[in-house]
Ligand code: FES
């Protein structure tokens, strides 16, 4: 699914960026470009970051 139409980034692209260490929408933008343009996708970026962090928290328990 496309998350960021400006750069054509998919949820997979964003998840990969989060998995390799991006923990804010700004860091995701730096890593893959998503959210760096119009910013409309930032809410979705944050949701992806939040769910990735949740997964990590439960995985390390
Ligand atoms: S949709 Fe992501 S920056 Fe515009």
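Read-outs throughout are calculated quantities, based only on the coordinates presented, and are distinct from any laboratory measurement. For clarity, every value in this text was computed on a predicted model and none was experimentally measured. Every residue, glycine among them, receives a Cβ derived from its backbone with ideal geometry; neighbour counts consider all protein chains shown.
Listed from fewest to most Cβ neighbours within 10 Å, the set 32, 4, 38 follows the order 38, 32, 4. Relative to the longest principal axis of the Cα atoms of the chain, helix 42-59 runs at roughly 20 degrees. Our helix-only sum for the chain, with -39,500 (n - 2.57) per DSSP H run of n ≥ 4 divided by its residues, gives a mean residue ellipticity at 222 nm of -17500 deg cm²/dmol. Each distinct pair of alpha carbons in the chain adds a 1/r term; the inverse of their mean, the Kirkwood radius, is 11.2 Å. Using C-alpha pairs below 8 Å separated by at least 6 residues, the relative contact order for region 2-60 is 34 percent.
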